[in-house]
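The structure appears right after this line, and notes come after that.
Nothing in this text is a laboratory measurement; each read-out follows from the coordinates by a stated rule. Given the structure is predicted, the values throughout are model-derived calculations rather than measurements. Don't worry about glycine lacking a Cβ; one is built from the backbone with ideal geometry, like all the others, and counts go over all protein chains shown.
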Amino acid sequence: MLTHIHPKLPSRDLAKTRSYYVNMLEFEEVSDYGDYLILSKDHIEIHFFLFSDLIPSENDGQVYIRCSDIGNWYKHLLDRGVPIHPNAPLSVKPWGQKEFSLLDPDSNCLTIGETYDAGKHQQNLF
């Protein structure tokens, strides 16, 4: 029986990765093994492995994170000055999700999504 998933993403510099996730996204450090870092927030955990030769423009690392109250978190991130992916601001997608994306310092794409029921929500995204 499967119970959890913890994505593993590449990082050129684990100290910079830690700084972005802890200071910008308010994650907490779980463990640091020198070349392997584990961070968590709420009910999710993301693992990072050191990949010094990573070329960010060639990185296809992606994670889809489901959340609740996406509008308030999106606004909170904007208020904190967290850059939103330039091609993925908060919007309602045809597949019934309200989503936005972030790019971390290594161009790992984090897409944040919440199920959207147009019949139960106003057109306002927040």
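Assorted remarks:
- Going by neighbour counts of Cβ atoms within 10 Å, the residues W73, W95 line up, fewest first, as W95, W73.
- Both the radius of gyration and Dmax for the chain are 15.2, 49 Å, in that order, over alpha-carbon atoms.
- Summed side-chain charge close to Q97 - residues other than Q97 whose Cβ falls under 10 Å, Lys, Arg +1, Asp, Glu -1: +1
- Taking other residues whose beta carbon is less than 10 angstrom from the beta carbon of F27, and scoring Lys, Arg as +1 and Asp, Glu as -1, yields -3.
- For the peptides 22-32, 98-108, residues were scored by their other Cβ atoms within 10 Å and the scores averaged per peptide; the highest-first order is 98-108, 22-32.
- Relative to the longest principal axis of the Cα atoms of the chain, the long axis of helix 70-79 makes an angle of roughly 60 degrees.
- Residues whose placed amide H lies under 5 Å from that of R12, excluding near-sequence neighbours: F51
- By average C-beta atoms within 10 angstrom, highest first, the peptides 40-47, 86-93: 40-47, 86-93
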